[in-house]
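Data first, discussion second: the structure below is written as structure tokens.
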């Protein structure tokens, strides 16, 4: 059963320099429990596609369904949690206060709020940091808190737009490992935008390779890696083969033209 | 202590220049009255103690200040504390009115494009009209509307000067959340009300306090100006005017000093509130 389904999706921005085809003829199905990565050079429309799923952009053509609804209806029914590249925590709220923010907005009862906050903070291994302020945490910890915030209201879908892009590689590896275990435990459907080939291959059950002008999908790779993935799986032959195919896909899309 | 030394140094330099200027400006009168040639020290000592000097020396102003602040009953019409209180209460009323007006206008400007296009030019024009010209009109109009006394018109004149910095600061502050933070609110399908109280308003607090510091000083200036051309008999502005009319420079200068002290205290109070609020909101670390 597909959770997200795009058919002939198109998005054209009208600018002063003429129309920009951000997305053209995008067809994709994402099943329940999939971990899908979108990879491609800047301007390939991967973030735009994620924003379409989130109902933050409105496609100009084709159809897009999220949980069987339009993207905007899905947004209104709070079908997904969204994680941006920057943690975007409020400096005037504690970590617990930041995670509680969407719950307050959605009008959860008080007792349930604190239960949920405690639970998701445990999920991202931030128990004990409830009363700390964002500036007291490292960048990686702040990003984990923002993931907890996206998980707090139990949406089935998690949309992540280069969530670890601003972090160094060692922290990134650690967070990738944590994200996989979190995904295994929560059985969420995750759509993940990234620039990094190893990250995409390591995390995903499905890798979507995209290319720019117009933004389109050039390859969809179903990963043959097992669900259980220690970090050193990245040295295995299978991993390198998938990574190679992704690289080929990027090259085929003329990603390295300039 | 580290902060006090530079302030004291500047104060000392000002007092030095003041004394030099007093000698220079008052010496003409000394020489005019003299029967014969005077020594320099005779000139200096005379310029320090004239009854109606062009520029009273600091110690003369201080003596007047001491007399009218500390040695006079605060209920007396001769007490600067009494007049200071009149000015202060109008300033605070004007400050409150101006701040609320500024914030409300900023909200309108940020949320509505038509309001922004129609209100902003008038807000800017309002600040180009000299308040001295406008003050008597405000008093006349209010009097014809049946508003008695000077407190209300003074507060309005004060608010007129004070709302603008608050307006400008709050427009910037309410617009300070970036696109990502606004998108995040949208992903939670938050209402406009929720986005305002949970995101826009808290984000604007640092801007608000910076504006309030300018605003409270402007409110004090507005009140004093409101007391000047309007025939008021109470308040620091009235003291300045009366001192001028009766040729009593010590009265003018001590009222000026009182106004400066009042301004310093008000700005400091807002600063302290800012520091506390910034700390509690995690903006300062």
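If one computes the Cα centroid of the stretch B:178-250 and of the stretch A:59-118, what distance in Å separates the two points?
So the two Cα centres are separated by 36 Å.
Under the rule of -39500 (n - 2.57) per DSSP H run of 4 or more residues, summed and divided by the residues of chain A, what mean residue ellipticity at 222 nm is obtained, to the nearest 500 deg cm²/dmol?
Details: 8 runs with 94 residues, N = 258.
The helix contribution divided over chain A gives -11000 deg cm²/dmol.
For peptide B:218-224, how many partner chain Cβ atoms fall within 10 Å of a residue's Cβ, on average?
Going residue by residue through B:218-224 and averaging, the value is 0.
How far is helix B:80-111 tilted off the main Cα axis of chain B, in degrees rounded to 10, range 0 to 90?
Tilt of helix B:80-111: around 30 degrees.
Across the Cα atoms of the stretch A:89-154, what radius of gyration and what greatest pairwise Cα-Cα distance (Dmax) are found, in Å?
Cα radius of gyration and Dmax of the stretch A:89-154 are 10.5, 31 Å respectively.
Ignore the peptide's own chain and count Cβ atoms of other chains within 10 Å of each Cβ in B:182-193; give me the average, rounded. Mind showing how you got there, number by number?
Numbers: counts 0, 7, 10, 3, 5, 16, 14, 9, 5, 1, 0, 0.
Shielding by partners across B:182-193 averages 6.
Find how many whole Å separate the alpha carbon centroid of the stretch B:103-136 from the alpha carbon centroid of the stretch A:125-204.
The distance from the Cα centre of the stretch A:125-204 to that of the stretch B:103-136 comes to 46 Å.
Rounded to the nearest 10 degrees, what's the angle between the helix A:139-151 long axis and the longest principal axis of chain A, both from Cα atoms, 0 to 90?
Orientation of helix A:139-151: about 90 degrees from the principal axis.
Got the relative contact order for chain A handy, in percent, Cα pairs under 8 Å and 6 or more residues apart? Write out the running numbers ahead of the final one.
Values: 491 pairs, mean separation 66.4, N = 258.
Dividing the mean separation by the residue count of chain A yields 26 percent.
State, to one decimal in nm, how far the label point of residue A:132 lies from the label point of residue B:244, with both points 7 Å from Cα in the Cβ direction.
The two pseudo-label positions are separated by 6.1 nm.
Let me know the mean shielding of A:103-112 by other chains, meaning the per-residue number of their Cβ atoms within 10 Å of its Cβ. Don't skip to the end; give the middle numbers.
Details: counts 1, 4, 8, 4, 1, 0, 0, 0, 0, 0.
Average per residue, whole number: 2.
So, R0 is 41 Å and r is the distance between the beta-carbons of residue A:77 and residue B:96; what FRET efficiency does that work out to, to 0.05? Don't jump to the answer; show the numbers that get you there.
Working: r = 44 Å, r/R0 = 1.07.
FRET efficiency, residue A:77 to residue B:96: 0.40.
Compute the long axis of helix B:151-174 from its Cα atoms, compare it with the longest principal axis of the Cα atoms of chain B, and write down the angle in degrees, 0 to 90, nearest 10.
50 degrees
Mark the label point 7 Å from the Cα of residue B:178 along Cα→Cβ and return the residues of the stretch A:77-91 whose backbone N is within less than 14 Å of it.
A:84-91
Along Cα→Cβ, 7 Å out, is where each label goes; now give me the distance between the ones at residue B:24 and residue A:69 in nm to one decimal.
7.8 nm
Provide the packing ranking of A:30-37, B:122-129, i.e. peptides ordered by the mean count of other C-beta atoms within 10 Å per residue, highest first.
On the way: A:30-37: 19.6, B:122-129: 11.6.
Ranking the peptides A:30-37, B:122-129 by packing returns A:30-37, B:122-129.
May I ask you to order A:11-19, B:138-146 by the average number of other C-beta atoms within 10 Å around their residues, highest value first?
B:138-146, A:11-19
In what sequence, highest mean first, do B:103-110, A:236-243, A:93-100 appear when ranked by Cβ atoms within 10 angstrom? Display every interim value, and only then the final one.
Details: B:103-110: 20.0, A:236-243: 14.6, A:93-100: 21.8.
Ranked by mean Cβ neighbours within 10 Å, highest first: A:93-100, B:103-110, A:236-243.
So how much slack lies between residue B:15 and residue B:144, counting 0.36 nm per residue of separation and subtracting their Cα-Cα distance, in nm?
On the way: separation 129, 0.36 × 129 = 46.44 nm, distance 4.65 nm.
Contour length minus the Cα-Cα distance gives 41.8 nm.
With an 8 Å cut-off on Cα pairs and a minimum separation of 6 or more residues, tell me the relative contact order of the stretch B:133-233 in percent. Intermediate values should be presented prior to the final figure.
On the way: 88 pairs, mean separation 48.5, N = 101.
Relative contact order, the stretch B:133-233: 48 percent.
Over the stretch A:119-258, what is the mean sequence separation of C-alpha contacts under 8 Å (at least six apart), divided by residue count, expressed as relative contact order in percent? Display every interim value, and only then the final one.
Numbers: 136 pairs, mean separation 25.9, N = 140.
Here the relative contact order equals 19 percent.
Values in this text are rule-based calculations from the coordinates and carry no lab data. This is a predicted model, so every value here is computed, not measured. Note: ideal-geometry Cβ built from the backbone for every residue, glycine included; neighbour counts use all protein chains shown.
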